[in-house]
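Okay, so here's the structure we're looking at.
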Amino acid sequence: MNIRILTGGIAALTALGISIGGALAAEGKKHSIKPVAGSPLEEVWSGYRFAKPTTNQMQDDDFENPGMTWYDIGEANWSKKDGEAGKSCAECHKTEDMKGVGARYPIVDPKLNKLMNVEERVNYCRKTYMEAKPWKYDSNDMLGTVIYVKAQSRGMPVNVKIDGPAATYFEKGKKFYYQRRGQMDMSCAQCHEKYYGKLIRMNTLSQGQSNGFPVYRLKWQKPGSLHRRFKGCNKQVRSTPFKTGSDEYMALELYLAWRGTGLGVETPAVRN
Amino acid sequence: MHISRILLGALAAMAFVLTAGAGEAAAQEKKAGAGQAVAQKKKKSRCKDGQPAVVASYKLSKGENIDLQISESLTGKSGDPKAGLKWMVHRRLGNCIACHKVSKIQALAKPDDLKSLRSYGFHGEIGPPLDGVTDRYTEGEIRLIVVSAKKAFPDAYTIMPSFHKKEGYNRVIKDCQGYAMMSAQQIEDVVAYLMTIK
C-alpha cells in the first residue's frame, strides 16, 4: 500500500514533474496556485489552508487520518465479488488504472452521453457488469470505494474537461453557483468567492473547493460526499436541497472542479 | 512503527464500529419518523423560534446618509433594547454577530464561562463592525437596513439577509416558507439596541 508512504503528494507531484508555483509540494497545499484562464478567483486555495493546524496534521499523516479507515473498506471492496454476475472491480481494472480518475472526473461519458462523477461510475459498473444493487452516496461501501479510487490520484492537479459535450453542464453549474437561494437569499459565490478567509461567527469560510472529497469531517465523525456538503450548504441558507446524484448537483460538481483547476487531489482530506 | 500502526488500525476500527452504529440508529430514527410526528419536529428545528408569518407594512421616505429610510416604528411603539440584544446573538433569529463585530456585545463575554463566550465572544467579519453605527445612520436608516438590506444597499449585491420579508425568495425550505426571519417587534427591539451603540 505504498500510497500511504507518499507524504502529502510530494512524490506524486515530483514523479509527474509538476511543480506548483515552484513551492515544495507539501507547501503547495498551503500556498495559493494561479487560477485557470477565465476564473473569477485571483488565487486558488484548497480548504486545507482554512482548516485548523491540528486538523491539517491529521490529514498529513495517513496513520492519523481517520478517513483512511474508509480507504481500507474501499480496498477490501475492490476485490470482493458481488451481484448476480459474481464479479469484483479487480476483475476488470487494476488499481493503477485508477490513477488520474480523481483529477479528471466528473466526465461526460461518450457512450452514455451523460455527466458522471465517480459515485455514478461505481454504480454504473455495479449495475452493468456486476449486476449488483447500487450503493447510496454516503453509505460506508460507497464512501470507502470512492475514497480508494480517488486517493490513487493524490497530489495530481484537478483538470476537468468543460468544452464539447460538457459545456452545457458547465453553464448550468455556473448558474447554480451564482443563484441566490433560500430565506437567507445567498449564493455559493457570496460566501465562497467574496468572503473566503473571513470568519462567519466561529467558522472560517474557505473557497468551498472540492479537491479533498469525500472529506472526513470532524463534525460528522465520518467522511461525507460532496453532494452531502452541497445539501448542507443549501440548508444552511434555508433552501430546499436537491437529491444526491441529481442533475443539478452533478453540474455543480463539474463547475466547482473547474474552479479548483490545478489543486492537488487530497482525498480523503480532513476538515473541521 | 508497525505495532503502532496495528494499534491505530484497531482503534480506528473501533471508532468505525461506533460511528457505523450511530449511523444505523439515525437511519432507524429516520425510518420511524417518516410519519407526521417527526415532520413536525423537523419543522420546529429550522424556523422554530417564533418566526412570524405576518409582516408589517411600512412607508419609505428619503434618507440623509443613504437614499431611503423607514422613519416610523413598525409597531407604533419603541422597542426594548434588552430584548434586542437577545435577538442579535440568537443563532436562528438575528444572528447579527455571525457577520458583525459589536464591541459592546463582546465585552459581555466572561472569559472563563464557555456559554457566555459562545453567546457573546465570537463574532464574524463579513460585515462592517457596528461600533459607532449611530454616527453613520439615522434611526430610520438603521430600521431599513435591518428590515431590508437589499433596499438599503441597492447596488451592493449584499450578502446581508432581509430580516422582515417573507416572500420573493428562491426555493425556500419547507419549514420556513411564508415566514420572515424576525417579527416587527423583534426588529424594533434590535433597532432600539443599535441606538444604544455609540
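Determine ³J(HN,Hα), in whole Hz, for all residues of segment A:204-218 in sequence, where each value follows from phi through the Karplus function 6.51 cos²θ - 1.76 cosθ + 1.60 and θ = phi - 60°; x replaces Gly and Pro.
8, 6, 9, 7, x, 7, 9, 5, x, 7, x, 9, 7, 9, 4
Amide H neighbours of A:Arg181 under 5 Å, counting only residues 5+ apart in sequence or on other chains, H built in-plane at 1.01 Å?
A:Met186, A:Ser187
What is the order of B:His90, B:His100, A:His227, fewest Cβ neighbours within 10 Å to most?
Lowest to highest Cβ neighbour count: B:His90, B:His100, A:His227.
FRET efficiency for A:Lys114 and B:Val54, Cβ-Cβ distance as r, R0 = 51 Å, nearest 0.05?
Numbers: r = 47 Å, r/R0 = 0.92.
Working from the Cβ atoms, E equals 0.65.
For A:Val215, A:Val108, which order do you get if you count the other beta carbons within 10 Å of each Cβ and list the fewest first?
Lowest count first: A:Val108, A:Val215.
Filter B:Lys86/B:Lys151; B:Lys77/B:Lys115; A:Lys52/B:Lys165; A:Lys235/B:Lys86; A:Lys80/A:Lys231 down to the pairs with a C-alpha to C-alpha distance above 29 Å, please.
B:Lys77/B:Lys115; A:Lys52/B:Lys165; A:Lys80/A:Lys231
Suppose R0 equals 22 Å. What FRET efficiency, 1/(1 + (r/R0)^6) with r the Cβ-Cβ distance, do A:Gln221 and A:Asp60 give to the nearest 0.05?
Taking R0 as 22 Å, the efficiency between A:Gln221 and A:Asp60 is 0.65.
Under the definition of partner shielding as Cβ atoms of other protein chains within 10 Å of a residue Cβ, what is the mean value for peptide B:161-173?
Numbers: counts 7, 3, 1, 0, 2, 1, 0, 1, 9, 9, 12, 9, 10.
For peptide B:161-173, the averaged partner shielding equals 5.
Quick query: amide H of A:Val44 versus all other amide H atoms, modeled in the peptide plane; which residues come in under 5 Å with a sequence gap of 5 or more or a different chain?
Close amide H contacts, sequence-distant or interchain: A:Ile33.
Neighbour counts of other C-beta atoms within 10 Å: give me A:Ser39, B:Ser57, B:Ser119 arranged from fewest to most.
With the fewest neighbours first, A:Ser39, B:Ser57, B:Ser119 line up as B:Ser57, A:Ser39, B:Ser119.
Report relative contact order for segment B:55-194 in percent, whole number only (criteria: Cα-Cα under 8 Å, sequence separation at least 6).
Once divided by the residue count of segment B:55-194, the mean separation gives 34 percent.
Starting from the Cα gyration tensor of segment B:90-198, take the square roots of the eigenvalues, sort them a ≥ b ≥ c, and report rounded, prolate or oblate (rounded when a/c is under 1.5, otherwise prolate if a/b is larger than b/c, else oblate).
oblate
Can you list residues from other chains, or at least 5 along the same chain, whose modelled amide H is less than 5 Å from the amide H of A:Lys114?
Under 5 Å from the amide H of A:Lys114 lie the amide H atoms of A:Asp109, each far enough along the sequence or on another chain.
To the nearest Å, what is the center-to-center distance of segment A:204-272 and segment B:90-140, using C-alpha atoms only?
29 Å
Under the definition of partner shielding as Cβ atoms of other protein chains within 10 Å of a residue Cβ, what is the mean value for peptide A:197-204?
6
What is the spin-label model distance, in nm, from A:Asp163 to A:Glu43 if the labels are put 7 Å beyond Cα along the C-beta direction?
3.0 nm
Could you tell me whether segment A:135-236 comes out rounded, prolate or oblate from its Cα gyration tensor? Rule is a ≥ b ≥ c as square roots of the eigenvalues, rounded for a/c under 1.5, then prolate if a/b exceeds b/c, otherwise oblate.
Taking the square roots of the gyration eigenvalues as a ≥ b ≥ c, segment A:135-236 is oblate.
Ignore the peptide's own chain and count Cβ atoms of other chains within 10 Å of each Cβ in A:176-186; give me the average, rounded. It would help to have the intermediate numbers written out before the result.
Values: counts 0, 0, 0, 2, 6, 5, 7, 19, 10, 12, 4.
Taking the mean over all residues of the peptide, I get 6.
Give me a comma-separated list of calculated 3J(HN,Hα) values for segment A:116-127, in order, Karplus coefficients 6.51, -1.76, 1.60 applied at θ = phi - 60°, integers in Hz, x for any Gly or Pro.
10, 9, 5, 4, 5, 5, 4, 5, 5, 5, 4, 5
What list of ³J(HN,Hα) couplings, whole Hz, do you get for segment A:249-256 from phi and the Karplus terms 6.51, -1.76, 1.60, once you set θ to phi - 60° and write x for glycine and proline?
Working through the residues one at a time gives 5, 5, 5, 4, 4, 5, 4, 5 Hz.
Taking a threshold of 22 Å on the Cα-Cα distance, which of the pairs A:Lys174/B:Lys101; A:Lys198/A:Lys219; A:Lys81/A:Lys136; A:Lys150/A:Lys172; A:Lys111/A:Lys243 fall above it? Mind dumping the intermediate values first?
Numbers: A:Lys174/B:Lys101 32 Å; A:Lys198/A:Lys219 20 Å; A:Lys81/A:Lys136 18 Å; A:Lys150/A:Lys172 25 Å; A:Lys111/A:Lys243 25 Å.
Where the Cα-Cα span goes over 22 Å, the pairs concerned are A:Lys174/B:Lys101; A:Lys150/A:Lys172; A:Lys111/A:Lys243.
The numbers here are math on the coordinates, done by the rules we state, and not lab data. Predicted model only: the values in this text are computed from it and were never measured. Positions of Cβ are generated from backbone atoms using ideal geometry, with glycine treated the same way; all protein chains shown enter the neighbour counts.
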